[in-house]
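Trainee: What follows is a structure written as structure tokens; I'll ask about it next.
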């Protein structure tokens, strides 16, 4: 049985519990206070998740499972991580999930990565669900948080990307003084390509609603083609940038690339 590594750095009072069973390793943590909080969850050699937050008032919960299930005897276990995090009165939230193993003979190399960073002068909320197995990585937010997975108020910066391990992927950057509701319900990636704002066998739900002044950037990179739900098809790079003084809305920015 491969070792699951869990490391926690806490600079305030919190409640945490860890459960270990023969079939899987589970970890749950809850925090409520002020200061700095970090979790490093390593699911054997199959996946790594790093989560950190800091602020005057931070609160949340974290659930992680190394299923130790070895489907089809491919020597890659399933990993599942869910997080809810809130920051008030200024601070940041950072989340990084990397799939580190794959059944390469059928599904190519590992290295798929989903990353989110939020910093704010006021409030921020983050709700996310990551899942990986022998074949791919998925952000499966349906049923955990269907809409508005990333929210912020005040003077804030939001950055999120997904990468398929071959320098193909998509990213959103938002720099605003105001209010942002960002929905990315699903995304997935393997060595052959990626989907952003859609996938996981579920309906599309990807939109940005912003009030205030600032800018919005969406970039996507692929070796061959990028197909969007908003009518653009291109053969390698897509870049969209908008600047606004009072409001911005992007109704469906879902896309895929390979």
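The values are calculated or read from the model by the stated rules, or taken from the named source; none is laboratory data. Note that the structure is predicted; figures quoted are calculated from it, not measured. Using ideal geometry, Cβ is built from the backbone for each residue, glycine included, and neighbour counts are taken over all protein chains shown.
Trainee: State whether the residues of segment 29-44 include one that is surrounded by fewer than 24 Cβ atoms within 10 Å (Cβ to Cβ) and within 14 Å of the chain's Cα centre (by Cα).
Mentor: Checked segment 29-44: no residue is surrounded by fewer than 24 Cβ atoms within 10 Å (Cβ to Cβ) and within 14 Å of the chain's Cα centre (by Cα).
Trainee: Another one. Looking at residue 177 and the list (1) touching a residue at least 24 places away in the same chain (Cβ under 8 Å); (2) surrounded by fewer than 21 Cβ atoms within 10 Å (Cβ to Cβ); (3) under 21 Å from residue 130 (Cβ atoms), which single condition is not satisfied?
Mentor: Going through (1) touching a residue at least 24 places away in the same chain (Cβ under 8 Å); (2) surrounded by fewer than 21 Cβ atoms within 10 Å (Cβ to Cβ); (3) under 21 Å from residue 130 (Cβ atoms) one by one, residue 177 breaks only (3).
Trainee: Since residue 78 meets every condition but one in (1) touching a residue at least 40 places away in the same chain (Cβ under 8 Å); (2) in contact with a strand residue (DSSP E or B) (Cβ under 6 Å, 6 or more places away or on another chain); (3) buried (at least 18 other Cβ atoms within 10 Å of the Cβ), which condition does it not meet?
Mentor: (2)
Trainee: I've got another one for you. Given the criterion in contact with a strand residue (DSSP E or B) (Cβ under 8 Å, 6 or more places away or on another chain), part of a strand (DSSP E or B) and over 24 Å from residue 137 (Cα atoms), identify the matching residue among 240, 162.
Mentor: Matching residue, one of 240, 162: 240.
Trainee: Then there's this: Across segment 173-203, which residue is nearest to residue 150 (Cα to Cα) among those that are outside any strand (DSSP E or B) and at pLDDT 95 or above?
Mentor: Only one residue fits best here, namely 185.
Trainee: Filter segment 46-57 for residues that are touching a residue at least 40 places away in the same chain (Cβ under 8 Å) and surrounded by 17 or more Cβ atoms within 10 Å (Cβ to Cβ) and give the result.
Mentor: Residues satisfying the conditions are 46, 47, 48, 49, 51, 52, 53.
Trainee: Still on this structure: Of all residues in segment 140-155 being touching a residue at least 60 places away in the same chain (Cβ under 8 Å) and more than 14 Å from residue 85 (Cβ to Cβ), which is surrounded by the most Cβ atoms within 10 Å (Cβ to Cβ)?
Mentor: The selected residue is 140.
Trainee: Quick check, is residue 101 buried (at least 19 other Cβ atoms within 10 Å of the Cβ), in a loop (DSSP other than H, G, I, E, B) and at pLDDT 95 or above?
Mentor: Spelling it out, residue 101 is indeed buried (at least 19 other Cβ atoms within 10 Å of the Cβ), in a loop (DSSP other than H, G, I, E, B) and at pLDDT 95 or above.
Trainee: Here's another thing I want to ask about it. Determine the pairs where a residue that is over 30 Å from residue 133 (Cα atoms), located within segment 32-45, has a partner that is in a strand (DSSP E or B) with Cβ atoms under 6 Å apart, the partner being 6 or more residues away or on another chain.
Mentor: Hits for this filter: 32/59; 34/56; 34/57; 36/54.
Trainee: Condition first: part of a loop (DSSP other than H, G, I, E, B) and more than 14 Å from residue 251 (Cα to Cα). Now tell me which residues in segment 214-231 satisfy that.
Mentor: Result: 222, 223, 224, 225.
Trainee: Could we say that residue 119 is without any contact (Cβ under 8 Å) to a residue 40 or more places away in the chain, surrounded by 18 or more Cβ atoms within 10 Å (Cβ to Cβ), over 15 Å from residue 58 (Cβ atoms) and more than 13 Å from the chain's Cα centre (by Cα) here?
Mentor: No; evaluated as a whole, the condition is false for this residue.
Conditions tested, residue by residue: (1) closer than 15 Å to residue 139 by Cα; (2) surrounded by 19 or more Cβ atoms within 10 Å (Cβ to Cβ).
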site	(1), (2)
157	no, no
188	yes, yes
201	yes, no
218	no, yes
231	no, no
235	no, no
256	yes, yes
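Trainee: Limited to segment 204-213, what total is found for residues that are in contact (Cβ under 8 Å) with a residue 40 or more places away in the chain, surrounded by fewer than 20 Cβ atoms within 10 Å (Cβ to Cβ) and in a strand (DSSP E or B)?
Mentor: 2
Trainee: Please go through segment 122-137 and give me each residue that is more than 17 Å from residue 182 (Cα to Cα), surrounded by fewer than 24 Cβ atoms within 10 Å (Cβ to Cβ) and within 13 Å of the chain's Cα centre (by Cα), ordered by number.
Mentor: 131, the sole residue that qualifies.
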